[in-house]
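The values are calculated or read from the model by the stated rules, or taken from the named source; none is laboratory data. Keep in mind the model is a prediction, meaning the values are calculated, not measured. Here the Cβ is made from the backbone with ideal geometry for all residues, glycine too, and neighbour counts use every protein chain on show. Each accessible area value is taken on the protein alone, full model and side chains, heavy atoms only, with ligands, DNA and RNA left out. Shrake-Rupley method; radii C 1.70, N 1.55, O 1.52, S 1.80 Å.
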Amino acid sequence: SDVCSSDLVKPDGTQSLWAPIVYNWKAGVRFYSTNRINFVLWNAAGQFTQIVSTTSLPDNQWSLVTAVYDDANDEMRIYIDRNVDNNLPAVGGLSADYFDGSMSFPDIGGRSDSTRMFTGTLDDIRIYDKALSDDEIDTLP
C-alpha cells in the first residue's frame, strides 16, 4: 500500500539525537541531528528499509518535507520544498512482504513515551493513504 506524509518543519538547531516528525512502528519520517530527513519503513520482524535526504534543512526556516512510498513503482522518495531530494528504487514490494501502508496512531514531534522530542516547530502535518504525484506535491501549500 502507498503512504505519504507532508509536513512543514522548522528546526531550531539544537537537536542532539534523531526525533520523530511523524512516526509509528510501521513507518516514520524522522529528523536527524545533522538536520537531514530519514524516511523508514519496518516489517513485523523489525527489519527496515530507509532513505536519508541529501540536503540538510536550514535552522530557523520553514521547509516542506514530503516522504512518499509508491507501491506501484516500488520506490521511496523524499522531497524537500517540492523537489526530489533522494529516492530509493526497487524497494522490494514492501506492501506484499513488509508493510501494510498503515500510519495509524502516529507519534508527532516525539515518541509517545516523551523521549526523542523534536526541537523546533512543526505545522500542517498531512498523512495520505496514497503516493502523491509530483504534480500533487507541487500544489501543496
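Being farther than 20 Å from Gly110 by Cβ and assigned to a loop (DSSP other than H, G, I, E, B) is the filter; apply it to the range 32-52 and report the residue that is farthest from the chain's Cα centre (by Cα).
Ala45
All but one of (1) open to solvent by 10 Å² or more (accessible area, probe 1.4 Å); (2) in contact with a Leu (Cβ under 6 Å, 6 or more places away or on another chain) hold for Leu41; state the number of the condition that does not hold.
Failing condition for Leu41: (1).
Output the residues belonging to the range 1-18 that are surrounded by fewer than 23 Cβ atoms within 10 Å (Cβ to Cβ), out of contact with any helix residue (DSSP H, G or I) (no Cβ under 7 Å at 6 or more places or on another chain) and hydroxyl-bearing (Ser, Thr, Tyr).
Thr14, Ser16
Please enumerate the residues belonging to the range 19-38 that are surrounded by fewer than 19 Cβ atoms within 10 Å (Cβ to Cβ) and over 19 Å from Asn86 (Cα atoms).
Asn24, Trp25, listed by residue number.
Please verify whether Ser53 is modelled with pLDDT of 95 or more and closer than 14 Å to Asn87 by Cβ, treating the condition exactly as stated.
Here the answer is yes, as Ser53 does meet what is asked.
Given the conditions (1) assigned to a loop (DSSP other than H, G, I, E, B); (2) at pLDDT 95 or above, and given that Gln15 satisfies all but one, which numbered condition is not satisfied?
Only one criterion is unmet by Gln15, namely (2).
Of the conditions (1) closer than 22 Å to Thr119 by Cα; (2) in contact with an Asp or Glu (Cβ under 7 Å, 6 or more places away or on another chain), Thr34 satisfies every one except a single condition; which number is it?
The number of the failed condition is (2).
With the structure loaded, tell me whether Asn87 is outside any strand (DSSP E or B) and open to solvent by 60 Å² or more (accessible area, probe 1.4 Å) or whether it fails that test.
Taking the combined requirement at face value, the residue does not satisfy it.
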